[in-house]
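S.K.: Got a structure for you, questions after.
Only the coordinates and a few stated rules stand behind these numbers; no lab work does. No experiment lies behind these values; they were computed from the predicted model shown. We place every Cβ from the backbone using ideal geometry, glycine too, and count neighbours over all the protein chains shown.
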Amino acid sequence: MSEEDFYGLIPYQMTVTVDEVDGPFSTFWDFLSAVAKAPAFCNGVAGPLYSRFADEALCAREAAGLAATMIMATNENDVEKVDSDGNLVPLSQ
Amino acid sequence: MTEDTYCNDFVNFSDDLCATLDTDTDEMNSFYYAAIVATESNIDLDITRYGYRGAGATYGADVYYWMSQVIYGDNTLLEDPTLLATDPVNFWLSGLMRWMIPMNGLPAPHNIMLGQWEPTEAELAVGLTQGFGAVSALFYGATECGTTKNPVANTRTEIYESIMSVLAA
């Protein structure tokens, strides 16, 4: 996953001002710093069901699963939320 | 059965599955460990201080307690739970901890996604098998039960599949 992919996944994160400069609350490097503290992430022995997968494929499954759960855990999940024009706001925002 | 089929199956949670996943919320909100520390350290354990924060929606004094032990090795997060929302690395660690560490009697999603976790006969009987569908059902099935094709569950699966397509490209 590239830095561009990362920001594409969370385009609506809060903006903060640090040293008079506006920027996203969290950066790609903040995320990598957190991942570095969990060395077992994307690094484990597959069980019998998934032993046919290459390490890269297993890591992709795990990264996608983690991202999907984190994105949905931090969304409002309001199926009736509308924007200022009255259009439904997608849950994935 | 492919993993895609699992995911599609689990957007329609059955009543049996709902009952199986009906976790003890009192246990989840337990103050047991946090209370011991709070008594020793004179920390205010007001429940309103330990609300949902971080990418893993960390909630409850005891979960904050364990998270503090993992991140800081002390009671920093019990004393100042807002650090989970104001420190961007902690924010992500909230999600990673929920992903990597088995809690509240549930397996860690990490173990499920690697195929290291095997469902019990009771879990198999209600269709809980493997893959991201099992993660989604285990963690959110109890709250997303009762609605056919739950939109939140559907969206989570769509995000998972879209990220998989990016990573596989």
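S.K.: Which ordering of B:Ile112, A:Ile71, B:Ile101, B:Ile47 is given by a fewest-first count of other beta-carbon atoms within 10 Å?
M.R.: B:Ile47, B:Ile101, A:Ile71, B:Ile112
S.K.: Provide the FRET efficiency to the nearest 0.05 for the B:Thr120-A:Val18 pair, computing r from the beta carbons and using R0 = 45 Å.
M.R.: Plugging the Cβ-Cβ distance into 1/(1 + (r/R0)^6) gives 0.40.
S.K.: Tell me, what is the percent relative contact order of chain A, built from C-alpha pairs under 8 Å that lie six or more residues apart?
M.R.: 19
S.K.: With a 10 Å cut-off between alpha carbons and a GNM built on chain A, which of A:Val45, A:Val82, A:Val35 moves the most?
M.R.: Top of the fluctuation ranking is A:Val82.
S.K.: With a 10 Å Cβ neighbour count serving as the proxy for reagent exposure, in which order, fewest first, do A:Arg61, B:Arg53 appear?
M.R.: B:Arg53, A:Arg61
S.K.: Ranking A:Ser2, B:Ser162 by Cβ neighbours within 10 Å, fewest first, what do you get? Don't skip to the end; give the middle numbers.
M.R.: On the way: A:Ser2 9, B:Ser162 15.
Ordered from fewest to most neighbouring Cβ atoms within 10 Å, A:Ser2, B:Ser162 come out as A:Ser2, B:Ser162.
S.K.: Return the distance in nm (one decimal) between the two label points of a simple spin-label model at A:Glu4 and B:Tyr72, each offset 7 Å from Cα along Cα→Cβ.
M.R.: 4.0
S.K.: If you don't mind, another one. Using the Kirkwood radius over C-alpha pairs as Rh, can you work out the diffusion coefficient of the range B:36-169 via Stokes-Einstein at 10 °C, viscosity 1.306 mPa s, in µm² per second?
M.R.: Numbers: Rh = 16.6 Å.
In µm²/s, the coefficient is 96.
S.K.: While we're here: How big is Rg to Rh over the range A:11-93, alpha-carbon atoms, Rh as the Kirkwood inverse-mean-distance radius?
M.R.: The Rg/Rh ratio comes out at 1.10.
S.K.: Let me ask another. How far is it, in nm, from the label point at A:Asp83 to the one at A:Phe25 when both lie 7 Å from their Cα along the line to the Cβ?
M.R.: 2.0
S.K.: State log₁₀ I(q)/I(0) for the range B:84-140 at q = 0.31 Å⁻¹ as given by the Debye formula over alpha-carbon point scatterers of equal weight, solvent excluded.
M.R.: -1.27
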